[in-house]
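**Q** First, the structure itself, so that you have it in front of you.
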Amino acid sequence: MKIKLKTQSLDDWELNLFESYSTLPIIIDRTMIFGAYNVDFEMTDNIWHQLPEEYKRKIYKYNWKKMIKSMLITVTDITAYSFGFGYNIKLKDSITMEEISKNFDENKKINFLTPGCDFPKSSMSVYFQYLGEVYAEVDLDELVAISDEENSYQHSIIPQIMAASNYRKRRENKTGKLEQIYNEQLIVKSLVNKNINELSKEEIQKVLENFLLIDNLKYLVKIIKKSKEFEIVISDKLKDEIEHWLRDIQIKIKTEEEEKMYQEIKEILKEQL
């Protein structure tokens, strides 16, 4: 079962990315998306209250340190970013990609991550500032619970030798999965850049299911209207995610036009009850 978890931030230790690996981040309309795996996180009250009851029962008996094998991280309202890639066989010189938007806030902190990049394979540094939210899409069935006994076993000599011998195989398997996620996000980006009236029913459905990549109220209204024209039924799960996103952006609404679009989306969702 997949679920989008809203985290408090990237520096409250709910997500620990310092020893993780990730794909190359992509930026779509000031939203940053990247895949990451072997991510440690703390089971805070914030995370716990977002879990379905059936999964709370499954993991309640374990301790509060968890590891997610793979996840998709979305950071909204990016105001500045700089990605740097180091030297390796394929990249003969270091590469830097950066941009600063007009909404950049000099008084707000700059976030810094140094995950290993497996796609493309390279060392990587990521600097960015964001004014929005951080979401982690995870498969709860892949949530790894680490008990005290497991911690003790993992720090013994034999498991370290086994981990070293199996490391390459695990990384290759995860890289293939993350590369697939990365390619799917590129497909959504290409659809968003097309004329909305040229999109098919299946393409509208795909964009709607990945609405967090849009992070644009006006475009989301158009997509939801198009889904209504195509008589696309919005699932309860997707409806809940959109309503959750609407609650998050409500405090950012500043104009009458934005308020009108906000109410319009809510009315369309009500019609599908």
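**Q** Going by the conditions given, is Y81 under 23 Å from V134 (Cα atoms) and modelled with pLDDT of 85 or more?
**A** Spelling it out, Y81 is indeed under 23 Å from V134 (Cα atoms) and modelled with pLDDT of 85 or more.
**Q** In the set K237, K228, K194, K201, which member is of a type in the set (D, E, K, R), out of contact with any Leu (no Cβ under 8 Å at 6 or more places or on another chain) and closer than 28 Å to A136 by Cβ?
**A** K237
**Q** Could you figure out which of (1) farther than 29 Å from E243 by Cβ; (2) modelled with pLDDT of 80 or more; (3) among the hydroxyl-bearing types (S, T, Y) isn't true of S94?
**A** Going through (1) farther than 29 Å from E243 by Cβ; (2) modelled with pLDDT of 80 or more; (3) among the hydroxyl-bearing types (S, T, Y) one by one, S94 breaks only (2).
**Q** Do we find a residue being touching a strand residue (DSSP E or B) at 6+ places or on another chain (Cβ under 7 Å), crowded, with 20+ Cβ neighbours inside 10 Å and modelled with pLDDT of 85 or more anywhere in the range 62-72?
**A** yes
Here is a yes/no grid of residues against (1) of a type in the set (K, R); (2) closer than 25 Å to G35 by Cα; (3) surrounded by fewer than 12 Cβ atoms within 10 Å (Cβ to Cβ):
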residue: K206; (1), (2), (3): yes, yes, no
residue: E209; (1), (2), (3): no, yes, no
residue: Y219; (1), (2), (3): no, yes, no
residue: K222; (1), (2), (3): yes, no, no
residue: E229; (1), (2), (3): no, no, yes
residue: D236; (1), (2), (3): no, no, yes
residue: Q250; (1), (2), (3): no, no, yes
residue: E257; (1), (2), (3): no, no, yes
residue: I265; (1), (2), (3): no, no, no
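**Q** In the range 106-157, how many residues are modelled with pLDDT of 70 or more, among the aliphatic types (A, V, I, L, M) and either open to solvent by less than 60 Å² (accessible area, probe 1.4 Å) or within 16 Å of the chain's Cα centre (by Cα) (or both)?
**A** 8
The values are calculated or read from the model by the stated rules, or taken from the named source; none is laboratory data. The shown structure was predicted, so the numbers you read here are calculated from the model rather than taken from an experiment. Glycine also receives a Cβ, built like all others from the backbone with ideal geometry; neighbour counts cover every protein chain displayed. Just the protein is used for accessible areas: all its heavy atoms, side chains included, with ligands, DNA and RNA removed. Shrake-Rupley method; radii C 1.70, N 1.55, O 1.52, S 1.80 Å.
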